[in-house]
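Beneath this line is the structure, given in C-alpha cells, with notes to follow.
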Amino acid sequence: FRIELGEVEAALASHPSLAQAVSLVREDRPGDRRLVAYLIARPGQTVPTDEVLRAHLKQGLPEYMVPQHFVALPALPLTPNGKVDRKALPSPQVESHEDAYVAPRDETEQKLAAIFADVLGLRRVSVTADFFRLGGHSLLASQALTRASRDLDVSLTLRRMFEAPTVERLARLVRGDDGATSPAQRISPRAGTAPAPLSLMQQRLWFLEQLNPGTAVYNLPSAFRLHGALDVGALRFSFNKLLERQSAMRTFVRWDEGTPVQHVAPSLTVELEPVDLEQVPANQREEDLLRRLQALADEAIPITAPPLFRLTLFRLGATEHVLFFMPHHLIWDGWSFDVFLRDLDVIYSALTKGQEPTLPTLPIQYADFTEWHRGWLQGEELERQARYWKQQLSGNLPALELPTDKPRPAQMSLKGGTEPFVLTGAEVDALTRLGRESNATLYMVLLTAFKTLLHRYSGQEDLVVGTPIRGRSHPEVEDLLGFFVNTLVLRTRMGPELTFRQLLERVRTTCMEAFGHQDMPIELLMQQLGVQRDLSRTPLFQTFFTFQDVRNRGASLGDLTYGQVHVHAHATPLDLSFWVKETAHGIVGGMDYNTDLFERDTVVRMLEQIRTLLRAAVSDAGVAVSRLPLLPEAEKQRVLVDWNATAKPFDREAFVHTLV
C-alpha cells in the first residue's frame, strides 16, 4: 500500500478553497505513523473542515491515502533557497481528529485520562476522545483496565471498554451509574509454603506433555543480538537477580500424592560463560550461529527438574553478542517477555553505572495466583462464563477440513516449520484505518482476513479459530513472570454474500463477547463440553491466530542496543498458526505449519494470498468475501496466462493426420 505524497498533494490542491498543500508521514512517537496534510487557504477563503476534505479526497484517492490529520497554516515554512522546510512543519495535535479537547471534570475522569494518556503514550487525552481512534487496541485496552482496577478499585471487562471507549463514558461505569461494575478482586499471598497446585492453564500443558514427551512444541525460543561493549558479569548478575525475584523462573513440576504440583527451588543461579564464535571464519560465522540457535530451539526441556529454561550467550566480536533465552511455556507467556526485558534493562543499567538496582516489590508470586485463581473460578463466576461458552459452542462443532498436501496421519508427529510474513508501516496504517471505520482493531482486521482465507480454502461456513488472551486483568500479576495466558475459541458463521466489512463486524462482536468471558480455562471448558480427543488433530480448533503489540518494547540494555534474531522450534501442535507482531515499523510474523500436512510452497502461497486479501479489502471492503481476489498478480499471470500459453506454430496447409 504505497502512499504517493505527490498524488495526495495534487488531490488536495484541486479543492477550490485551497491555494497550496503539503503532505508527509510523521512518526512523532515510535510506532505511531500518521499521514498529515498542511494546508494554505486561498485569499478570502478558509480551510474546509476535516469531513469536507476527506469527502473530497475519497472521490479520487483510496482510503489509505486520505490523511489522518489536516493542519491549517497561514504560510508554509521555507528553507533559505525557497523550498518547503518539511522538518519545520509542526506536529499536529492528536486531538485534532477528535472532538475539541475537554478536560477531566472529577477525580474519576482525571485518573482515567491519566491512564489513557500513559498507555497510549500521549501528552493528554480529551474525556470525549475514543481510545481506539487514538491508536488503542485490545491489548492496550487490557492494560488500561488493569491499571483502572488498581487505581479505582473497580472490575471492568474488556467488552465494557469497547462499549464505552471514552474517559467520559467509562467514568460513568466506574462510578456505577448503571450498576455495570463490581469492586475489584484482590489477590493476596497464600498461607503456608506447601507446594501450590498447577494453574488450570499449566495443568492442560502438563497433560499434553504426558501425551507427547520429549517434544519441543512448548518451547518459547528467543534470541537478541547485542551491540556494544557487554559487561558479561553484570548481565550474569542481572539474570540471577531476576531468578531470585521471580519464583516462576525457579518452578518445576513434581508428583505429590498422585497429583502434579508446583515446586519452587529455594535458590537457583546460572553461569553465563560466552560461547566464543569469534574464531569461526567471518563468512561462516552467521551460518554457524543460526545452526546452533536452531539446535537449541529444537531441544526438549524436561519439566520435572529446574530450570525450565535454557540460556546461552554467544560472542561474535568485542562489541557483538547474541543472547539466546528459551523458557518452557509452563512458566512463561508472551507478556512475560516484555516484563523480563524491561526488568533486565533496569537491573543491568544500574549495575553498569555502579548503582544499586531497584524494582518495585512484587505483591504476590505466581503460586499465589494459581491458588487464588482456582478458588475464584468456582460457583457463580464459573457458571456465568460456562453458560456463555456452552451456548457459543453448542451443536456440531466442525473440524476444519483444509485441502492438504499429504494425508492426515492417525497421530500427528507435531513436526513443523515456519514461513515469514511482513507488512510495511504504510500497509499497517491502512489496515488500522479500515478497522476504525467499523470500530474494530488491527487484530480483528487480520483475524478476519485469516478466517476469509480458511473459508475460501475449505468452503466451510462455520469456522473455529483459537486465539490467546493476555489473562492479566488483575493488577497484582501485571509485573509477574508466568503462564497467565488463556485460549479463547472464536467461532464465526460465514455467509456466502457477506462483505469483508460485514464479516469484520461479525468477528468484532464475537471477540467482544469472548473478551467478556475470558477466564474460563479451555481445559475445563473441554471437560464440560465432553470433547473427545483425537490424536490426529487438536480438539475444538485446528488453527490459531496470535497478535502481539511490541511497539513499546525497549531496544536497549543499559548502553547496549539490541535487535531480535528470529528463531523458531521445528514443532507445532496445530495444522496452521498465523502469528503477527506489530512493531514500530510495521508487522513481522509468520505461519507455523504442520509438516505432516503441508509443504513449504503451499504455506508461502497462503501468506501471499493473505496479503492479496488485505490489499483488496483496503481498496473496497464492500466486496463479498467470496469474491475478494486471492491470487497475487504474479500467480494470476502464471495460472491464467503462462500455463495456458500452449499455442505452437504448425503448417496450416497440412492435413490433420500428418500433424498427429
* Asked: Got the relative contact order for the chain handy, in percent, Cα pairs under 8 Å and 6 or more residues apart?
  -> 16 percent
* Asked: Where does each of Phe70, Phe207, Phe324 land when they are ranked from fewest to most other beta-carbon atoms within 10 angstrom?
  -> Phe207, Phe324, Phe70
* To do: Find the centroid of the Cα atoms in the stretch 242-295 and in the stretch 564-614, then give the distance between the two in whole Å.
  => 26 Å
* What is the packing order of peptides 441-453, 231-243, 648-660, taking the mean over residues of other C-beta atoms within 10 Å and listing the highest first? -> 441-453, 231-243, 648-660
* Structure fact -> With bins of 5 Å, the percent of all Cα-Cα pairs of the stretch 107-174 per bin from 0 is 4, 20, 37, 29, 9, 0
* To do: Mind checking the full-extension length gain between Glu271 and Glu635? Use 0.36 nm per residue of separation minus the Cα-Cα distance, one decimal, nm.
  => 125.9 nm
* Arrange the peptides 358-365, 462-469 so that the one whose residues have, on average, the most other Cβ atoms within 10 Å appears first. => 462-469, 358-365
* To do: With a bin width of 10 angstrom, please list the P(r) values of the stretch 5-92 as percents of all Cα-Cα pairs, from the 0 bin to the one holding the largest distance.
  => 17, 52, 28, 3
* P(r) weight above 18 Å for the stretch 461-572, C-alpha pairs, percent -> 67 percent
* Asked: Residues with beta-carbon under 11 Å from that of Ser438, excluding Ser438: net charge, scoring Lys, Arg +1 and Asp, Glu -1?
  -> +3
* Asked: What are the ³J(HN,Hα) values, in whole Hz, obtained from phi via the Karplus relation 6.51 cos²θ - 1.76 cosθ + 1.60 with θ = phi - 60°, for each residue of the stretch 300-307 in sequence order, with x given for Gly and Pro?
  -> 5, 10, x, 9, 9, 8, x, x
* **Estimated dipole of the stretch 420-508 in Debye, rounded to 20 [Cβ of Lys and Arg +1, of Asp and Glu -1, Cα centre]** => 240 debye
* **Estimated inter-spin distance, Glu4 and Leu659, nm [label 7 Å along Cα→Cβ]** => 4.5 nm
* Structure fact -> Given Cβ charges of +1 for Lys and Arg and -1 for Asp and Glu, the option among Gly516, Leu576, Leu268 whose Cα lies farthest towards the positive end of the dipole of the chain is Gly516
* Asked: Which translational diffusion coefficient, to the nearest whole µm²/s, is obtained for the stretch 458-516 from the Stokes-Einstein equation, given a Kirkwood hydrodynamic radius over C-alpha pairs, 10 °C and 1.306 mPa s?
  -> 118 µm²/s
* Asked: Contour minus end-to-end for Glu401 and Glu513, with contour as 0.36 nm per residue of separation and end-to-end as the Cα-Cα distance?
  -> 37.7 nm
* Structure fact -> For the chain, the Cα gyration tensor yields equivalent-ellipsoid semi-axes (√(5λ), largest first, whole Å) of 40, 35, 29
* To do: Report the far tail of the P(r) of the stretch 196-352, meaning the percent of Cα-Cα pairs longer than 18 Å.
  => 62 percent
* Asked: Which value at 222 nm does the chain reach when only helices count, each DSSP H run of 4 or more adding -39,500 (n - 2.57), with the total divided by all residues and rounded to the nearest 500 deg cm²/dmol?
  -> -10500 deg cm²/dmol
* With a 10 Å Cβ neighbour count serving as the proxy for reagent exposure, in which order, fewest first, do Asp368, Asp479 appear? -> Asp479, Asp368
* Structure fact -> If R0 = 22 Å, then Arg123 and Ala584, at their Cβ-Cβ distance, give a FRET efficiency to the nearest 0.05 of 0.70
* Structure fact -> Taking R0 as 56 Å and r as the Cβ-Cβ distance between Arg374 and Lys83, the FRET efficiency 1/(1 + (r/R0)^6), rounded to the nearest 0.05, comes to 0.25
* Computed lengthening from Trp255 to Val52, 0.36 nm per intervening residue step minus Cα-Cα distance -> 66.2 nm
* Structure fact -> Per-residue Cβ contact counts at 10 Å, fewest first, order Ile303, Ile187 as Ile187, Ile303
* Asked: Cα-based count: Lys pairs in the chain below 25 Å, eight or more positions apart or different chains?
  -> 10
* For all pairs of alpha-carbon atoms in the stretch 58-142, what percent lies in each bin of width 10 Å, listed from the first bin to the last filled one? -> 15, 34, 29, 17, 5, 0
* Show the residues, 5+ positions off or on another chain, whose built amide H is closer than 5 Å to the amide H of Leu18. => Arg42
* **Angstrom value of the Kirkwood radius, inverse mean 1/r, which spans all Cα pairs in the stretch 327-432** => 20.6 Å
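Taken together, the values in this text are just the output of simple stated rules run on the coordinates, not laboratory data. Keep in mind it's a predicted model, so treat the numbers as computed, not measured. With ideal geometry, Cβ positions are generated from the backbone for all residues, glycine too; neighbour counts draw on all protein chains shown.
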